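**Student:** Here you go, one structure.
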Amino acid sequence: MKQFSSILILIVLLLATGGGLYLALQNQETRKGAYFAGTSLLLQPDIITKKVGDQVLVDLYVKTGLLPGSITGESAKVDFVKTRLCFPNMLLQFDIGNTASFVLDSNSFDNLQDLQGAPSMIPEINCLDITVKSNREVALLKSGTVRVGMFKFLAVGDGNGRLFLDKNLTEVSGANPDLKSTDMRLEIEGVTGSSIAIASIGTITPTITPTPTCEPRPACLDEQPPCMIAEPTGGWCPVLTVTPTPITPIICKECPTGFMCYSNGREYRWFVNGYVWQDFSSRSESECAGVPKPEWRGKSKGDANCDGYTDGYDYSVWRREFIDVRSIVSGTNEADFTGPLGTCDGIVDGVDYSLWRREAIDYGGGRTQ
Ligand SMILES: [Ca+2]
Ligand SMILES: [Ca+2]
């Protein structure tokens with residue numbers, strides 16, 4: 001009897017392992033199938049200018065990638081979007097408890113499955129996790145640039161900042177015409193945030209709204225001699241000129257290469273030019289022989305102080321710059337590791353922090369474990 005039970009347990013164990021393996025393979029299958037390349041999420045408008053007390057409306061869009069092998073240029077159909085949106089809480093407030101704070105685009109999605117505050121490691125940043133879903137049949141699912149919905153923020157403080165989406169916590173899935181299963185993940189190529197500038201009350205000149213009855217000023221009035229048209233009593237419609245903001249490419253700081261040996265008389269360390277600690281002076285390479293020479297990492301790996309490691313020193317630099325020169329676009333920031341487009345953007349913010357955290361904590365910061 002005992003032997004029989006053992007055999008039975010063995011069979012159950014084998015079945016369970018087999019089941020687990022099957023599930024793991026299934027999962028792998030789904031991931032392997034994430035071939036709807038080019039799907040991205042974005043926030044609109046990409047540049048927001050408001051004043052304290054204004055409502056700030058921000059739209060979330062998903063842009064689905066092209067179906068592979070599609071001759072007609074057909075895009076993948078989306079039925080599920082999950083992402084994390086983060087914003088500077090000194091500038092914006094979001095009332096999670098108020099169901100009117102988010103308006104789902106019911107043309108494209110059927111339920112707001114989840115909208116809640118998410119933990120943020122940075123005290124100055126608040127985040128929201130949002131999940132939306134479509135329950136309709138495949139033919140009615142949307143593809144291409146699809147509006148997910150609108151967030152309603154309140155401008156509570158003045159300054160500049162960025163709203164951003166966390167790519168690592170973004171998931172999109174949709175209908176899959178090639179396989180029997182209906183859902184599959186879409187590969188996320190990128191997420192794009194918004195820049196925001198909030199002015200203190202009264203410092204923004206009110207926007208001129210043309211009255212519906214006004215008439216555009218005829219160009220012939222500027223000719224010589226001018227045409228004989230009487231001035232209307234309410235005046236001509238105001239001429240709105242848009243001055244394009246010149247876009248200067250940001251040339252960001254980078255760590256110099258070539259570690260050299262330095263000492264302060266008590267310890268020996270390797271530094272690159274321009275990042276030598278106070279009291280340390282140059283020594284011959286052989287004097288540092290007992291100290292491992294770091295490998296160059298660079299800013300794109302979160303090395304703010306260019307010492308070849310990504311660690312707490314770099315976090316301190318990030319935090320100081322985030323608080324002191326927050327949102328001032330500059331090429332002199334030490335902790336501008338990246339930006340929403342994957343390259344440095346002149347701003348030190350939560351996107352740079354996320355990169356630092358991944359490099360320092362998840363990947364060990366360049367130190368062999
Ligand atoms: Ca470092
Ligand atoms: Ca940055």
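All of the numbers you see were taken from the coordinates with simple rules; none came from a lab. These numbers were taken from a predicted model, which means no experiment stands behind them. Cβ: placed from backbone, ideal geometry, glycine included. Neighbour counts: every protein chain shown.
**Student:** What's the exposure ranking of 124, 295, going from fewest to most Cβ atoms within 10 Å?
**Tutor:** Going from least to most buried by this count: 295, 124.
**Student:** Under 8 Å for C-alpha pairs, at least 6 residues apart: give me the relative contact order for segment 39-199, rounded to a whole percent.
**Tutor:** Result for segment 39-199 is 38 percent.
**Student:** Over 19 Å between C-alpha atoms is what I'm after, so list which of 63/142; 77/133; 51/82; 82/299; 50/152 land there.
**Tutor:** The answer is 51/82; 82/299.
**Student:** Taking neighbour counts of Cβ atoms within 10 Å as a proxy for exposure, in what order, fewest first, do 43, 115 appear?
**Tutor:** Ordered by Cβ neighbours within 10 Å, fewest first: 115, 43.
**Student:** Just in segment 302-363: which chymotrypsin sites (Phe, Trp or Tyr not before Pro) are loop by DSSP and have at most 14 other Cβ atoms within 10 Å?
**Tutor:** For chymotrypsin sites (Phe, Trp or Tyr not before Pro) across segment 302-363 that sit outside H, G, I, E and B with at most 14 neighbouring Cβ atoms in 10 Å, the list reads 363.
**Student:** For q = 0.12, 0.17, 0.22 Å⁻¹, what log10 I(q)/I(0) does segment 93-184 give under the Debye formula with an equal point scatterer on each alpha carbon and no solvent?
**Tutor:** -0.49, -0.88, -1.27
**Student:** Moving on. At 0.36 nm per residue, minus the direct Cα-Cα distance, what do residue 293 and residue 49 gain on full extension? Give it in nm, one decimal, please.
**Tutor:** Gain in length upon complete extension: 83.1 nm.
**Student:** A further question follows. Quick check of the Kirkwood formula: for segment 260-366, what is the inverse mean of 1/r over all pairs of different Cα atoms, in Å?
**Tutor:** Final number for the Kirkwood radius of segment 260-366 is 14.5 Å.
**Student:** Quick one: order 103, 172 by neighbouring beta-carbon count within 10 Å, fewest to most.
**Tutor:** Result, fewest neighbours first: 103, 172.
**Student:** Counting just the Cα atoms, what span does segment 39-199 cover along each of its three principal axes? Round to the nearest Å and put the largest first.
**Tutor:** 51, 28, 28
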